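For reference, the structure is listed below as structure tokens.
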Amino acid sequence: MKGIFNVFKKGLKKTKTALFRSFETVFSSVDKWDESTYRQLESALISADLGVSVTQKIIADIKESYSLGEIKTSEDIINIATTRINAILSSDNRPLNENPTGPTVLLMVGVNGAGKTTTTGKLAYKLKQDGKSVLLAACDTFRAAATEQLKHWGERIDVPVIAGKHGSDAAAIAYDACASAKAKDVDYLIIDTAGRQHTRQDLMQELPKILRVIRKNFPEAPHETILVVDGSTGTNALFQAREFGKACDVTSLAVTKLDGSGKGGVVVAIKDEHTFPIHFVGLGESPEDLQPFDPVLYAEAIFSKDSPVA
Amino acid sequence: MFNNLSDALANTFKTITGKSVLTENNVKEAMEQVRLALLSADVHYDTVNDFVGEVTRQCLGEKVLKSVKPSEQVVKVVHEELTRLMGTEEAEVDVSGKPAIIMMVGLHGAGKTTTCAKLANFYKNQKKKVLLAACDVYRPAAIDQLEALGESINVPVFSDRSTPDVVQIAQNAINTAKSEGQDIVILDMAGRLQIDQDMVQELIRVKERFQPGEILLTADAALGQEAVSVATHFDKALNISGIVLTKLDGDARGGAALSMRKVTGKPIKFITSGEKVTDLEKFRPEGMASRILGMGDIVQLV
Ligand SMILES: Nc1nc2c(ncn2[C@@H]2O[C@H](COP(=O)(O)OP(=O)(O)OP(=O)(O)O)[C@@H](O)[C@H]2O)c(=O)[nH]1
Ligand SMILES: Nc1nc2c(ncn2[C@@H]2O[C@H](COP(=O)(O)OP(=O)(O)OP(=O)(O)O)[C@@H](O)[C@H]2O)c(=O)[nH]1
Ligand SMILES: [Mg+2]
Ligand SMILES: [Mg+2]
């Protein structure tokens, strides 16, 4: 069994070494700090996809500390950056909402290829491991073989899937899934939806339609609307969060593919702007490759100087 | 923050209108806006630094310093330099082999499978006979996906669900294409991380065995700073022949495209902007430069 911290770190191993080295270089190569020193630090932070705005905040913090003579080693810079990132990530945290009286309904949304279907499968597996009963709804009727993909996941982790025909009405499948969730009295209903670019008004309109159907059956649902963001995405993730937030009240974030070299730093930028907590991190394609998001571990992993976990 | 570089520059120069000549400092201020605009568009920071250095040199020349509308001159210089970096001539696609082999590689979810179908449709419309080959044995329903897409455009799909041996599948697909007289075989490879040694080795084996005329790195236009690592690794391992930039129907600026082009020197050959099989176009550097700068159609401006 892999420990959470190790798995988390392993996923982020590329990040910390690169960043840490950049911070170290500032110390080994510069006697007196000037604009170009800050440029160098800025580049290091930008390289983690933290975005221009968060980066400038961190640089401002560093500048202030430097002017107060508080910076003596590269560790000091890391501490300042970590503190700021922790502050951003630790605000508005809360556990995943649960519905004590009926099924907890989770709605998965996001742009094309972000990892919604895979995260749906992994999340179902995790809940099942926790002893919960789960039902999946294949509401992506749009992309070729999307239904088959979720059915494969269902078979693999032994969780039932409600699905319809390719090209059929996604809201109708959501309706069937709600009915089935009631009849089966499951603990969780996870609804996978088609990927869509938030610029496509017509496709975005499908989401409120699905929401209406869900609420007809469970007035309080969905208990979480989870925006799935690919961790290798740059600043566009900020726009994704804004626009999906408008279309369907996003309440939670999952960031995927952090086993890659992407740092997922854009989630910090998202958190700086929105109140929804980050609940999950995707670290691979297998059922067990989903971890709860821990802001402290994340900030530590991103800046830690530990040698990479093999 | 300004979303649009022209606005940002206009604002920078507003403070100095009335003065007859621009100074070096004014240009520096303008370059700071250029730098921020490119970083916000996800251009890699190294690429940004090089670019800004080059453009600063050009802007310090007579033409900009003495111009009546310096902000427009700066925009023009920036845009021209960006277009130049994106590649000036149209990149050819090598479909000369018998059969020609096109291999699609890239990160998970980049758009490889969909682009395979789009390319098949593109060449089918040029009266070529195309075979799609399902070489992704990992992702759940990857084969179903390619088969469904093939059916929708009436292009045959080779698949073999009985073996996980990707080289063998590709071999059988190519043999089939030969015996059936197909002109082009398009290999849909599984998504993989560029840092995943084993999975990259699989690609190298396929490449070495079949020497595809085209190895196209498929990349999401919304990629962040990691685009450089992705492009560099895939290119080092496979000597890619070009890049396909996907999902341009979203609103990502696509600055990653510039960095990928810069670090690999490989042309962007196609762009895709939708999920329909017809949503594929040849790449246009000028349009991409405008997009990265967030300024619609530049031509009207200058
Ligand atoms: N390495 C890695 N791959 C992942 C992760 N999550 C998803 N993937 C892969 O990313 C690709 C896309 O994942 P999907 O789950 O199909 O994404 P999606 O958002 O449902 O895609 P659409 O429904 O087409 O919009 C697949 O190849 C997945 O196996 C992750 O955490 N790490
Ligand atoms: N909006 C939009 N979606 C696209 C485009 N190209 C691909 N997609 C979508 O992006 C998602 C992923 O596409 P795939 O073709 O499955 O990507 P892939 O690279 O084969 O994914 P893996 O095999 O899992 O690595 C799907 O939902 C596609 O419909 C595009 O140009 N625009
Ligand atoms: Mg999906
Ligand atoms: Mg694929």
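The values are calculated or read from the model by the stated rules, or taken from the named source; none is laboratory data. Just so you know, these numbers come straight off a predicted model, no measurement behind them. We place every Cβ from the backbone using ideal geometry, glycine too, and count neighbours over all the protein chains shown. Side chains are part of the model used for accessible areas, which takes the heavy atoms of the whole protein and leaves out ligands, DNA and RNA. Shrake-Rupley method; radii C 1.70, N 1.55, O 1.52, S 1.80 Å.
With a requirement of 2 or more residues that are touching a residue at least 60 places away in the same chain (Cβ under 8 Å) and touching a helix residue (DSSP H, G or I) at 6+ places or on another chain (Cβ under 6 Å), the helices (runs of 4 or more DSSP H) lying completely within region B:23-74 that satisfy it span B:24-40, B:45-59. Restricting region B:106-134 to residues that are outside any loop (DSSP other than H, G, I, E, B) and farther than 24 Å from B:Ser273 by Cβ, the residue that is nearest to the other protein chains (Cβ to nearest Cβ) is B:Ala134. Exactly one residue out of B:Val244, B:Val167, B:Val137, B:Val185 is in a helix (DSSP H, G or I) and either touching a residue at least 40 places away in the same chain (Cβ under 8 Å) or crowded, with 19+ Cβ neighbours inside 10 Å (or both), and it is B:Val167.
Being surrounded by fewer than 21 Cβ atoms within 10 Å (Cβ to Cβ) and more than 16 Å from ligand 4 (Cβ to nearest atom) is a description that applies to B:Ala91. Only residues that are modelled with pLDDT under 95 and of a type in the set (Gly, Ala, Ser) were counted across region B:199-228, and they come to 0. Given the criteria acidic (Asp, Glu), more than 13 Å from chain B (Cβ to nearest Cβ) and out of contact with any helix residue (DSSP H, G or I) (no Cβ under 6 Å at 6 or more places or on another chain), does A:Glu285 qualify? No; evaluated as a whole, the condition is false for this residue. For region B:140-151, a residue qualifies if it is away from ligand 1 (no atom under 14 Å from the Cβ) and either touching a residue at least 12 places away in the same chain (Cβ under 8 Å) or under 23 Å from the mean Cα position of the chain (by Cα) (or both), and the qualifying residues are B:Glu147, B:Gly150. The residue that is most open to solvent (accessible area, probe 1.4 Å), counting only those in region B:113-134 that are of a type in the set (D, E, K, R) and under 25 Å from B:Ser179 (Cβ atoms), is B:Lys127. Of everything in region B:188-198 that is more than 11 Å from chain A (Cβ to nearest Cβ) and open to solvent by 10 Å² or more (accessible area, probe 1.4 Å), the residue that is farthest from ligand 3 (Cβ to nearest atom) is B:Gln197. All conditions but one from (1) buried (at least 18 other Cβ atoms within 10 Å of the Cβ); (2) modelled with pLDDT under 95; (3) closer than 28 Å to A:Val186 by Cα apply to A:Leu106; the one that does not is (2). Within region A:74-92, residues that are open to solvent by less than 40 Å² (accessible area, probe 1.4 Å) have Cβ atoms under 6 Å from residues that are assigned to a helix (DSSP H, G or I) and charged (D, E, K, R) in these pairs: A:Ser74/A:Glu24; A:Ile80/A:Asp61; A:Ile88/A:Lys271; A:Ile88/A:Asp272; A:Leu89/A:Lys271, counting only partners at least 6 apart in sequence or on another chain. Per the listing B:Thr218, B:Thr232, the residue uniquely open to solvent by 30 Å² or more (accessible area, probe 1.4 Å), closer than 23 Å to B:Asp46 by Cα and of a type in the set (S, T, N, Q) is B:Thr232. Would you confirm whether or not region A:137-146 contains a residue that is charged (D, E, K, R), within 13 Å of ligand 1 (Cβ to nearest atom) and under 30 Å from B:Gly250 (Cα atoms)? The answer is yes; a qualifying residue exists. Residue check: is A:Val134 within 16 Å of ligand 3 (Cβ to nearest atom), modelled with pLDDT of 95 or more, farther than 24 Å from B:Leu36 by Cα and more than 14 Å from chain B (Cβ to nearest Cβ)? In short, no. Considering only residues of region A:147-168 that are open to solvent by 80 Å² or more (accessible area, probe 1.4 Å) and assigned to a loop (DSSP other than H, G, I, E, B), which is farthest from ligand 2 (Cβ to nearest atom)? Across region A:147-168, the extreme among qualifying residues is A:Asp158. Report, by residue number, each residue of region A:148-169 that is under 17 Å from A:Leu123 (Cα atoms) and not charged (D, E, K, R). Passing the criteria: A:Gln149, A:Leu150, A:His152, A:Trp153, A:Gly154, A:Ile157, A:Val159, A:Pro160, A:Val161, A:Ile162. The test for being within 19 Å of B:Val93 (Cβ to Cβ) and either within 14 Å of another protein chain (Cβ to nearest Cβ) or open to solvent by less than 40 Å² (accessible area, probe 1.4 Å) (or both) does not hold for B:Ala227.
Each residue in region B:247-266 was checked for being buried (at least 21 other Cβ atoms within 10 Å of the Cβ) and part of a loop (DSSP other than H, G, I, E, B), and 7 of them qualify.
Taken over region B:41-63, residues that are buried (at least 21 other Cβ atoms within 10 Å of the Cβ) and either over 18 Å from A:Val52 (Cα atoms) or at pLDDT below 90 (or both) amount to 2. Which one of these is in contact with a His (Cβ under 9 Å, 6 or more places away or on another chain) and under 25 Å from A:Glu148 (Cα atoms): B:Ala141, B:Ala120, B:Ala110? Only one candidate qualifies: B:Ala141.
Considered as a group, the residues in region A:114-136 that are more than 16 Å from ligand 2 (Cβ to nearest atom) and in a helix (DSSP H, G or I) include one that is nearest to the chain's Cα centre (by Cα), and that residue is A:Leu123. Only one of the numbered conditions (1) out of contact with any helix residue (DSSP H, G or I) (no Cβ under 6 Å at 6 or more places or on another chain); (2) among the charged types (D, E, K, R); (3) without any contact (Cβ under 8 Å) to a residue 40 or more places away in the chain is violated by B:Asp160, and that is (1).
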